[in-house]
Amino acid sequence: MSLTLASKLPAGGVSIFAVMTRLANELGAINLSQGYPDFDCAPELVDAVARYMRSGHNQYAPMPGVLALREALAVKIERLYGRRYDPVNEITITTGATEGLFTSLTALVRPGDEVLLFQPVYDSYVPAVELSGGIPRFVTLRAPDYRVDWDEVRRTISPRTRVIVVNSPHNPTATVWSHDDLLELERIVQQTDAVVIADEVYEHIVFDGVRHRSVASYPGLAARAIVISSFGKTYTTTGWKVGYCAAPPALTSLLQGVHQWIVFSVNGAVQMGYADMVASDPECEAVTVFYQRKRDLFLSLIEGSKFRPLDSQGTFFQLLDYSNISADRDDEFAIWMTKTHGVASIPLSPFLHGGERAGRVVRFCFAKRDETLQRAAERLCRI
């Protein structure tokens, strides 16, 4: 008997990150495409996790997360952003921010609901919306500054808008929302029934004195928001896949009702290790300094090349305009550069929908060892 199989995501395909990383690996290219460091995390974090494993934290952790970690996060969020979340009823530990986003959207979106997304949009958002029967509606952030057009936001919102997803610092454009942006969003949502989902995984990676402003700091937003962050970017542990959601009790109850059927619980020993790190240094100022130096190094190394850097305010990504090199589409250029010059990047076109064009811009990850950046820059300067 033959089976008739049809994907629930027929337009999904394979993630651009997997495509470019596979191509880089096949060709032996320097991989500045996928957003992960090529250096290790702090030894004390590994030691802490090993210590907790040896002391018996190897069975199911509580479904909402280890209490010590939730308590440390409650202190951190209050200290940095001024809102106190109850660690028992308002914080949930998830299998990375991606699971937090998927769980939140699954809990909130019903067939026919509209979800407002700002594009270029991180590639996991749209599939999560569509799997719940939701309809993505897009507001486009346009080069060169990728700022929000709030009039376009107002035109896009409708009575069917169920969720507004915001991402700051923003992947892939490396922009950071301002105080005025958050105030404008706060004003707009008061006239709607929409819930805000805030993806803030790069909260500690901001540059040049720019301040990350969390949705948690704005009472009119926080009261109807799920604020999501992650430990992977902050602690150089992207492969451990642990994140968290902070939200009022009613929203927390909804997302935990879905979370329990997806993963139920997250690695307990890893949570305990993170709890020690968060409690000892809630501000993570050294992370900001570290990545500012990485960004500045990368920019200095490609100075004199034909690439034109766009402003990178946050994340560990740098957009480069290649208009002086080629008129090719960004996906064609990224593949050509990987094959011909041995440096992999990420085109922006896969982050865009509805016929929007990315322009001649590609994204590079500078969360790499200095010698990796130096070797990559030497190749980029020869183009």
Per-region count, region 346-372, residues open to solvent by less than 60 Å² (accessible area, probe 1.4 Å), closer than 18 Å to Y322 by Cβ and out of contact with any Gly (no Cβ under 8 Å at 6 or more places or on another chain): 13
Filter result for W240 (touching a Lys or Arg at 6+ places or on another chain (Cβ under 9 Å) and buried (at least 19 other Cβ atoms within 10 Å of the Cβ)): no
Single unsatisfied condition, A327 versus (1) part of a helix (DSSP H, G or I); (2) open to solvent by 50 Å² or more (accessible area, probe 1.4 Å); (3) aliphatic (A, V, I, L, M); (4) touching a Lys or Arg at 6+ places or on another chain (Cβ under 8 Å): (1)
Residue tally, condition more than 13 Å from the chain's Cα centre (by Cα), closer than 22 Å to G13 by Cβ and open to solvent by less than 10 Å² (accessible area, probe 1.4 Å), over region 85-108: 1
V165 modelled with pLDDT of 95 or more, open to solvent by less than 10 Å² (accessible area, probe 1.4 Å) and either assigned to a loop (DSSP other than H, G, I, E, B) or not hydroxyl-bearing (S, T, Y) (or both): yes
Per-region count, region 205-214, residues open to solvent by 20 Å² or more (accessible area, probe 1.4 Å) and touching a residue at least 40 places away in the same chain (Cβ under 8 Å): 3
Subset of region 24-68 [within 30 Å of T338 (Cβ to Cβ), open to solvent by less than 30 Å² (accessible area, probe 1.4 Å) and touching a strand residue (DSSP E or B) at 6+ places or on another chain (Cβ under 8 Å)]: A24, A29, I30, N31, L32, S33, G35
Residue count for region 52-67, restricted to those that are touching a residue at least 24 places away in the same chain (Cβ under 8 Å) and either farther than 19 Å from A97 by Cα or among the charged types (D, E, K, R) (or both): 6
Residue count, region 215-234 (criterion: farther than 30 Å from Q34 by Cβ and open to solvent by 10 Å² or more (accessible area, probe 1.4 Å)): 6
Subset of region 298-324 (residues that are free of Cβ contacts under 8 Å to residues at least 40 places away in the same chain, under 19 Å from Y146 (Cα atoms) and open to solvent by 60 Å² or more (accessible area, probe 1.4 Å)): R308, P309
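The values are calculated or read from the model by the stated rules, or taken from the named source; none is laboratory data. Keep in mind that this is a model prediction, so the values were computed, not measured. So basically every Cβ, Gly included, is an ideal-geometry build from the backbone, and we count neighbours across all protein chains shown. Ligands, DNA and RNA are stripped out before the accessible areas are found, and what is left, the full protein with its side chains, is counted by its heavy atoms. Shrake-Rupley method; radii C 1.70, N 1.55, O 1.52, S 1.80 Å.
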